[in-house]
Amino acid sequence: MYKRFENKVAIVTGAASGIGRATAVRFAEEGAKLSICDVNMEGLQETERLVLEKGAECLVSRVDVRSWDEVQACVNRTLERFGTIDILVNNAGTGQFVPFVMIDDDEYNRVMDINVRGIFYFSKAVLPIMMDKDYGKIVNVTSIMGEVAGQGQSIYNASKGAAKMMTQGIAVDCSGYNINVNAVAPGMVLTGLTKNMLGDPDQAQYFLERIPKRRIGEPEDIAAAILFLCSDEASYIHGATLHVDGGMMCTRM
């Protein structure tokens, strides 16, 4: 495999499973050094095993992305281990399936803090490093649900819309540097957040009928798009949101 990221250092958040794990493994295959974090240490250790199998170096940290101190500690540990940071993938996220009138403050804060504050904290922590060396790649994992509403997902919709606009805002503020900031917006992907829903044959069929490619996405589909945006091949893509959804947005816009 072509080593597009040889000697590059990449932080991947939410790396214990799903899209985060697939992204970390792909980076390892292409020569990157990995700093992976999550709150799920058991899953994170499995990701570490898969990364090490690819022959890559790997640093593991338990991080709650809602905590500035934990985020900063992870970034400092990454610098101590690898000396620099080239790539940040803000993948950590959570779902929400509660009708709007039933949402309380705790649920609102949980969704917004993980899905938005996490991007804010990690990006704020790594950008001075990237700006100082005039090089960096940041990819935020948003969702097509940041652009179209879903039933019982109002705060999730709001959080992903905020993540998309934060991506654009950071991109504008970084325009004077050799730093690319973009987002990937997955459609329906088989992950821990969707496993139960897609395990219902009727629900799975519902989505298959609405996806032009006629299949549910896999974490590896999203990982491939993330790695492209982190590569130098995408050096003129900036502030963009790439839909990776099998064509779902074509039928909903």
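Worth pointing out:
- A Cβ distance below 8 Å, combined with a sequence gap of six or more or placement on separate chains, defines the contacts here; from the stretch 77-102, residues that are β-branched (V, I, T) reach residues that are assigned to a loop (DSSP other than H, G, I, E, B) in the pairs T78/I85; I87/F5; I87/K8; I87/A32; T94/L193; V98/G152.
- I179 more than 30 Å from Q205 (Cβ to Cβ) and modelled with pLDDT of 95 or more: yes
- Taking the conditions (1) more than 30 Å from Y135 (Cβ to Cβ); (2) of a type in the set (D, E); (3) modelled with pLDDT of 85 or more in turn, D200 satisfies each one other than (3).
- Scan of the stretch 130-169 for residues that are crowded, with 18+ Cβ neighbours inside 10 Å, of a type in the set (A, V, I, L, M) and either touching a strand residue (DSSP E or B) at 6+ places or on another chain (Cβ under 8 Å) or in a loop (DSSP other than H, G, I, E, B) (or both), ordered by number: M130, I138, V139, V141, I144, A163, M166
- Within the stretch 1-58, the set of residues being of a type in the set (A, V, I, L, M) and under 16 Å from V75 (Cα atoms) comprises V9, A10, I11, V12, A15, L34, I36, V39.
- Within the stretch 1-108, strands (runs of 3 or more DSSP E) holding 1 or more residues that are aliphatic (A, V, I, L, M) and surrounded by 21 or more Cβ atoms within 10 Å (Cβ to Cβ): 9-13, 33-38, 87-90
- In summary, G217 fulfils each of the numbered conditions (1) in contact with a strand residue (DSSP E or B) (Cβ under 9 Å, 6 or more places away or on another chain); (2) at pLDDT below 75; (3) among the small types (G, A, S) with the single exception of condition (2).
- Hey, R66 touching a residue at least 40 places away in the same chain (Cβ under 8 Å) and touching a Pro at 6+ places or on another chain (Cβ under 8 Å) or not: no
The values are calculated or read from the model by the stated rules, or taken from the named source; none is laboratory data. No experiment lies behind these values; they were computed from the predicted model shown. When we count neighbours, we look across all protein chains shown, and the Cβ atoms used for this are built from the backbone with ideal geometry, even at glycine.
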